[in-house]
1. Of everything in the stretch 89-100, what is surrounded by 11 or more Cβ atoms within 10 Å (Cβ to Cβ) and not charged (D, E, K, R)? Give them in sequence order.
2. Which one of these is of a type outside the set (A, V, I, L, M) and out of contact with any helix residue (DSSP H, G or I) (no Cβ under 7 Å at 6 or more places or on another chain): Arg94, Arg54?
3. Restricting to the stretch 1-59, count the residues that are over 24 Å from Gly76 (Cβ atoms), hydrophobic (A, V, I, L, M, F, W, C) and out of contact with any Pro (no Cβ under 7 Å at 6 or more places or on another chain).
4. Out of curiosity, is Leu56 more than 14 Å from Thr2 (Cβ to Cβ) and crowded, with 18+ Cβ neighbours inside 10 Å?
Amino acid sequence: MTFGEYIRTQREALRETDRCFSVRQVAKRIDIEPSYLSKIERGHQSPPSEDTIRKLADDLGENADVLLAMAGKVSGDLREVIIRRPELFAELLRQLKDTPDHAVLRVVRVVRDGAW
């Protein structure tokens, strides 16, 4: 599923129970033109900027990092972390790419808790 298709599916699912999730109303809340949002949803426009994706994620109750990844983008704060230590983070990500989710979560917990 493309970025636009996912956005449209999620927005329309929300609209079934809450009319405020029309293209026009969502676009107004995130400060873009309704026609622009419609084009994104139909795949006639590339995914928007990080800022717009974050606003869209917040409005739809979605995870911004997931939407950014679907759009082929990386969050600015993560980009800064990688740029500060590119060799270390490149190696870390390469080592983790085929690691099962439960093992990655274990690494995250160890780092977060400082238990090393």
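1. Those that are surrounded by 11 or more Cβ atoms within 10 Å (Cβ to Cβ) and not charged (D, E, K, R): Phe89, Ala90, Leu92, Leu96, Thr99.
2. Arg94
3. Total satisfying the criteria: 5.
4. Yes; evaluated as a whole, the condition is true for this residue.
Here's the yes/no breakdown for (1) within 20 Å of Ala13 (Cβ to Cβ); (2) exposed (fewer than 15 other Cβ atoms within 10 Å of the Cβ):
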{"residue": "Ile40", "(1), (2)": "yes, no"}
{"residue": "Pro47", "(1), (2)": "yes, no"}
{"residue": "Glu50", "(1), (2)": "no, no"}
{"residue": "Asn63", "(1), (2)": "yes, yes"}
{"residue": "Leu67", "(1), (2)": "yes, no"}
{"residue": "Lys73", "(1), (2)": "no, no"}
{"residue": "Val81", "(1), (2)": "no, yes"}
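We did not get these values from a lab; they are worked out from the coordinates using the rules stated. Since this is a predicted model, take the numbers as computed values, not measurements. Neighbour counts run over all protein chains shown; Cβ positions are idealised from the backbone, glycine included.
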